[in-house]
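Sharing a structure here in structure tokens format.
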Amino acid sequence: MVQALPSVAALVAGSLGLLSVIVQNGALASAKLPDRGRIPSESRQELARVKAPHGPRKTREGSRSLETRTTNVRRLPRRIGEDDRGSLRGSTSTPINEETQTPWRRNLSSQLTGCCTDYSSYSASDMCGLYGQDCESGQQPSHDSGDGDCSQAGLSFIGISFSVNTAHGNPYSYQLCDQFAMENIIDRDYEYVMSMDEDGWLVGGGYKNFDYSGKMPYIDSSHTELLRIGSLDPDFGGTTIEQVYEAMDSLSFPPFAIYPEFVKGGGGGHSGDDGDSSVPSGDVTLIVSVVDTYEDGDSYSSYEDFLDNLFDAMDGVGGGPCMDDHDTDPHVSMARGVKFKSSYHQQQYFYKANLEVSVWQAMYPKGVVIGSNSYASFPPDSGSRNKMYVGYGNLYFFFDRANITKAFEPNRELSSTETSYATIYSGGKSDSYYESTTTVGFDYNQGSGSNDNDEYYEHNPYNWKAEMANHDFTDGWDLPPNCEQEGETFFGIPLSQRSDSKLLSTNSFQDQFDFEYLTDRNFTYMQSFGTNHGWLVGETLGNGAGSIVDKDTAHIPIFFTGTTNPDMGGMSLDNLIKIGKKIDFGTLYIKPAFVFQDDDGSIKLQFEADANSALGYLYSNLCKMIGISWNYETPYNDLELYTNCAMHAAGDRAEYGCGPENGNSGGFCPQMTLAYRVSFQSEEHAAAYLDRCNNYVDYWRSLYPSGVAVGTSKFCKDGGCLALFLNRYDVFYVFKPELGGSWVEFMGGSVAPTISPAPTHEGGCDNPHNMHLDKCFRKKHKRKASQVAWDSLGAVGQLSIFLIAFMSSTLAISIFLARAKRRRKDGESYLGFLIRDVQGRKKKKRKKLRKKIGNGKLDEDLLSDGEENARTVPARPGRSSMKMTRNAKSIRSKSK
């Protein structure tokens, strides 16, 4: 029998009594900081489920009902403690009687420590019910019983790459396709497209780190699959990489020509499919085909023979049942979750893209062999060790869509005709085709999922809702008014950790939670991921599912700021940093509530949404400062910097967010996504997985009953910092609570905090509290003049000095060796000659200085020390005196 909740009136009375004692004493009692240490390993092994002694009652139908709470008490209204400018003022989270309410103020940065104490006795399962989620039945939306012989779906495959390296894309993208200008069929400037999923365009060069859209900074991963290998774990029905390599090395195949068919839309099954008011979304795909060529007398094409031989070779090496039983229809996935501004913009985009395809068809009427006259390394992390000439007609093994591990070359070189077609673009011969191709001569509204209907739609920005901030990142955004470009930039709490098991890593931002216990890397419960991403808390290199090997990107998004392009309605990155430096927020405490699977199939860890915590007040004031104008509410900040692309309204508050005490109509709902679109083996497996995760969440809840301010000994030592994310992949800037300073934190590197708006404490730069001020930092870390001069030379100047020094030293050595060869005695070593040569030079120099110059007083020895018996050397006669002497001798000889 679950015990009843204690009397709320008694709790209020006790709280008021405690508050009166505190006020009478004239000071606020300080709460003890909870232990922020790591969970002991032995405690993890002996973890037991914690049951709530005062939890909600559960009805027979599985619904939950809470005991009636008092109605004559309420929390302080949201306006108390706020000034007209929306400065960060807060109020206590203690319930106060309406009759005895006292309007007192307190800075947000001086709040009591901790959060989320109202439900500290509730278990994760109970919290799940309070938040309106189902964590027990296993009736989730993404189950897939799968093939009985294949218990792990995978994404590895053999295919052809269309990757290009462009000026606007990721500089590390491969250049493997000189034939198709893939960047000409995407809409990077958002002329037609409104939004996409977080990956953006998968073709056309990839994305840079600081792209305005905030898309994931991946390399170009455009390709077409020829055979889906699937899982690479033989224990789950997969095929190992070694088996794939062995099978492919045993085959001989000619270079295959590819013919571009058309670009189409549709499919995907995202928003707008159920008749809601949002803009429909779908995928954009380039359809291609492999050209059939026949040898003399053959009834099967070369490509059909290759497929037959490939299946036989895979069977011969023991390929697993997860491999497809047939070849894949060739296509290039260009983007997913795409939302256009209207049906008109959609039509214009597809016409423009297919006009480019028409040019390609005119260039290559019989297809073209894909390749490039460049060099590349496979796998990409091998550097120059595996660098090879790309050439034409290669097939590639893709561990995942962004990771080519090996290239397989065809059995012959291209013919002269094939070479002439394959080098049209690289040879600069494409202009005439663009000039002559002015219409699209084929139907591109065809195929499964194509947009072949005439239904009209248009994005209505005034249908935007505040709860849209709780976004599905596998789909596009619905943008608010006056915003012309999406963006993934946001303020949030970083929770990722460094791990040696990850291919890419980052700094550890916290050591309070180990999210590895919430993953299912062995596929004990789950069947597959619905996207190319695996576990977002870090995917392992060589994972059997073939998911993209990402670093740990664990985080809690708090406030989505949108695009950083001011010309499209957003706020620039430097202005976002200025806003962050002005926020006087308290230490951010968080507390896990439960793990669940949402309606989109994503696995998430919900944190308690305490509207009266420092995190809640931070959210409310971010809305007041840079939220969009909505429902007659406008933002305000002292810097007068605003954006039209934030996904939060100026009038939104934390108390409107999710949770049992909030309105469930706003954007405040702290969650961390563990994985996208997860399919489980069965409903029972899903329920067992959620039960295992929430069992561990119960341990965290008992360990941190009033929440925890996350951090490490090297990052945010006091805990509770706020970060500015370029996207979920990259933390860019970090802000300490209570205006304690800020610094750059990017790609695993850190720049010490140097500028802070905090007031100067007494004692000047000798006071440790002033260490973050720019003046004190410069004084303490003053650089040496020599180092400044060296850095001022730049890379070119430094290289020049190094080359001059190197050439001078080699020249000196050469001269010495030449001199030693001429003057070295028999059997004398080079070192002995060097010593003798130096000593001989000193003696000769001393003799030269002892010579006299002229007669009279100037004939004195230059080295004379005043001694009378000093030896003198007669002066050398001049040329005139020698001439007179010769003349005198001549006269004497004549007289004789």
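Among the residues of region 213-224, write down those that are buried (at least 24 other Cβ atoms within 10 Å of the Cβ) and farther than 11 Å from residue 170 by Cβ.
Within region 213-224, 213, 214, 222, 223 qualify.
Additional query: Scan (1) surrounded by 14 or more Cβ atoms within 10 Å (Cβ to Cβ); (2) at pLDDT 80 or above; (3) in contact with a Gly (Cβ under 7 Å, 6 or more places away or on another chain) for the single condition residue 753 breaks and write down its number.
Result: residue 753 passes all but (2).
Output the number of residues of region 233-264 satisfying the condition of being open to solvent by less than 20 Å² (accessible area, probe 1.4 Å), at pLDDT below 90 and closer than 30 Å to residue 197 by Cα.
1
Which numbered condition in (1) surrounded by fewer than 24 Cβ atoms within 10 Å (Cβ to Cβ); (2) at pLDDT 95 or above is the only one that residue 600 fails?
The one condition residue 600 does not meet is (2).
Another question about this same structure. Check residue 390 against each of (1) in contact (Cβ under 8 Å) with a residue 24 or more places away in the chain; (2) over 19 Å from residue 158 (Cα atoms); (3) of a type outside the set (Ser, Thr, Tyr) and name the one condition it does not meet.
(2)
Does residue 712 count as in contact with a Ser or Thr (Cβ under 6 Å, 6 or more places away or on another chain), over 30 Å from residue 212 (Cα atoms) and at pLDDT 90 or above?
Judged against the criteria, residue 712 is a match.
Additional query: May I ask you to list the residues in region 693-715 that are touching a Phe, Trp or Tyr at 6+ places or on another chain (Cβ under 7 Å) and not in a loop (DSSP other than H, G, I, E, B)?
694, 696, 697, 700, 708 - these are the residues of region 693-715 that are touching a Phe, Trp or Tyr at 6+ places or on another chain (Cβ under 7 Å) and not in a loop (DSSP other than H, G, I, E, B).
For region 357-372, which positions are under 19 Å from residue 161 (Cβ atoms), in a helix (DSSP H, G or I) and out of contact with any Leu (no Cβ under 9 Å at 6 or more places or on another chain)?
The answer is 360, and nothing else.
Has region 648-656 got any residue that is of a type in the set (A, V, I, L, M, F, W, C), open to solvent by less than 30 Å² (accessible area, probe 1.4 Å) and assigned to a loop (DSSP other than H, G, I, E, B)?
Looking through region 648-656, at least one residue is of a type in the set (A, V, I, L, M, F, W, C), open to solvent by less than 30 Å² (accessible area, probe 1.4 Å) and assigned to a loop (DSSP other than H, G, I, E, B).
Give the residue that is modelled with the highest pLDDT, with candidates limited to residues of region 453-474 that are within 20 Å of residue 605 (Cα to Cα) and open to solvent by less than 20 Å² (accessible area, probe 1.4 Å).
474
In addition: Answer yes or no as to whether residue 659 is more than 29 Å from the chain's Cα centre (by Cα) and crowded, with 20+ Cβ neighbours inside 10 Å.
For residue 659, the condition - more than 29 Å from the chain's Cα centre (by Cα) and crowded, with 20+ Cβ neighbours inside 10 Å - is met.
I need every pair where a residue in region 731-744 that is closer than 18 Å to residue 507 by Cβ has its Cβ under 8 Å from the Cβ of a residue that is among the basic types (Lys, Arg), sequence separation at least 6 or different chains.
Here the result reads 735/581; 742/581; 742/736, each pair linking region 731-744 to a residue that is among the basic types (Lys, Arg).
Which of the residues belonging to region 590-602 are outside any loop (DSSP other than H, G, I, E, B) and under 17 Å from residue 119 (Cα atoms)? Don't jump to the end; show me each part of the working.
Taking region 590-602 as the starting set, the residues that turn out to be outside any loop (DSSP other than H, G, I, E, B) are 590, 592-597.
Selection gives 590, 592, 593, 594, 595.
If you scan region 400-428, which residues turn out to be open to solvent by less than 40 Å² (accessible area, probe 1.4 Å) and of a type in the set (Gly, Ala, Ser)?
Scanning region 400-428 gives 402, 407, 422.
Another question about this same structure. Might you let me know whether region 163-177 holds any residue that is outside any strand (DSSP E or B) and more than 28 Å from the chain's Cα centre (by Cα)?
No, region 163-177 contains no residue that is outside any strand (DSSP E or B) and more than 28 Å from the chain's Cα centre (by Cα).
Take residue 641 and tell me if it is part of a loop (DSSP other than H, G, I, E, B) and over 17 Å from residue 492 (Cα atoms).
yes
Turning to a different aspect of this structure: Do any residues in region 351-372 that are under 24 Å from residue 411 (Cα atoms) have Cβ atoms under 6 Å from those of residues that are among the acidic types (Asp, Glu) and open to solvent by 10 Å² or more (accessible area, probe 1.4 Å), where the two are at least six apart or on different chains, and which pairs are they?
369/418; 372/178
So, in region 429-442, how many residues would count as being open to solvent by 60 Å² or more (accessible area, probe 1.4 Å) and under 39 Å from the mean Cα position of the chain (by Cα)?
Adding up the residues that qualify gives 3.
Of all the residues that make up region 586-624, how many are among the hydrophobic types (A, V, I, L, M, F, W, C) and under 15 Å from residue 637 (Cα atoms)?
First, pick out the residues of region 586-624 that are among the hydrophobic types (A, V, I, L, M, F, W, C): 588, 590, 593-596, 603, 605, 607, 609, 611, 614-615, 618, 622-623.
Now restrict to residues that are under 15 Å from residue 637 (Cα atoms): 618, 622-623.
Count: 3.
Separate question: Of all residues in region 509-534, count the ones that are assigned to a loop (DSSP other than H, G, I, E, B) and over 29 Å from residue 202 (Cα atoms).
The number of residues fulfilling the criteria is 8.
Restrict the check to region 235-247 and report whether at least one residue is under 30 Å from residue 458 (Cβ atoms) and either over 15 Å from the mean Cα position of the chain (by Cα) or in contact (Cβ under 8 Å) with a residue 60 or more places away in the chain (or both).
Filtering region 235-247 for residues under 30 Å from residue 458 (Cβ atoms) gives none.
Within region 235-247, none of the residues are under 30 Å from residue 458 (Cβ atoms) and either over 15 Å from the mean Cα position of the chain (by Cα) or in contact (Cβ under 8 Å) with a residue 60 or more places away in the chain (or both).
Scan region 306-329 residue by residue and report those that are surrounded by fewer than 20 Cβ atoms within 10 Å (Cβ to Cβ), at pLDDT 85 or above and in a loop (DSSP other than H, G, I, E, B).
Across region 306-329, the qualifying residues are 317, 318, 321, 329.
Taking residue 688, is it on the phi < 0 side of the Ramachandran plot, among the aliphatic types (A, V, I, L, M), open to solvent by 10 Å² or more (accessible area, probe 1.4 Å) and out of contact with any helix residue (DSSP H, G or I) (no Cβ under 7 Å at 6 or more places or on another chain)? Can you show your working first?
Working: on the phi < 0 side of the Ramachandran plot: yes; among the aliphatic types (A, V, I, L, M): yes; open to solvent by 10 Å² or more (accessible area, probe 1.4 Å): yes; out of contact with any helix residue (DSSP H, G or I) (no Cβ under 7 Å at 6 or more places or on another chain): yes.
For residue 688, the condition - on the phi < 0 side of the Ramachandran plot, among the aliphatic types (A, V, I, L, M), open to solvent by 10 Å² or more (accessible area, probe 1.4 Å) and out of contact with any helix residue (DSSP H, G or I) (no Cβ under 7 Å at 6 or more places or on another chain) - is met.
Among the residues that make up region 286-297, is at least one of them surrounded by 15 or more Cβ atoms within 10 Å (Cβ to Cβ), farther than 19 Å from residue 255 by Cβ and either basic (Lys, Arg) or touching a residue at least 24 places away in the same chain (Cβ under 8 Å) (or both)? Please lay out each step first, then the result.
Let us first name the residues in region 286-297 that are surrounded by 15 or more Cβ atoms within 10 Å (Cβ to Cβ), namely 286-291, 293.
Those still in the list that are farther than 19 Å from residue 255 by Cβ too: 286-287.
Subsequent filtering for residues that are either basic (Lys, Arg) or touching a residue at least 24 places away in the same chain (Cβ under 8 Å) (or both) retains 286-287.
Yes, there is a match, as at least one residue in region 286-297 is surrounded by 15 or more Cβ atoms within 10 Å (Cβ to Cβ), farther than 19 Å from residue 255 by Cβ and either basic (Lys, Arg) or touching a residue at least 24 places away in the same chain (Cβ under 8 Å) (or both).
Just checking, which of 622, 605, 690, 674 is within 15 Å of residue 557 (Cβ to Cβ), part of a helix (DSSP H, G or I) and touching a residue at least 24 places away in the same chain (Cβ under 8 Å)?
The match here is 622.
Return the only residue of 642, 589, 656 being touching a helix residue (DSSP H, G or I) at 6+ places or on another chain (Cβ under 8 Å) and over 21 Å from residue 470 (Cα atoms).
Answer to the selection: 642.
The values are calculated or read from the model by the stated rules, or taken from the named source; none is laboratory data. Bear in mind that the values here come from a model prediction, so they are computed numbers and not experimental data. A quick note on method: Cβ atoms are made from the backbone with ideal geometry, for glycine too, and the neighbour counts reach across all protein chains shown. The accessibility values were calculated without ligands, DNA or RNA, using every heavy atom of the protein model including side chains. Shrake-Rupley method; radii C 1.70, N 1.55, O 1.52, S 1.80 Å.
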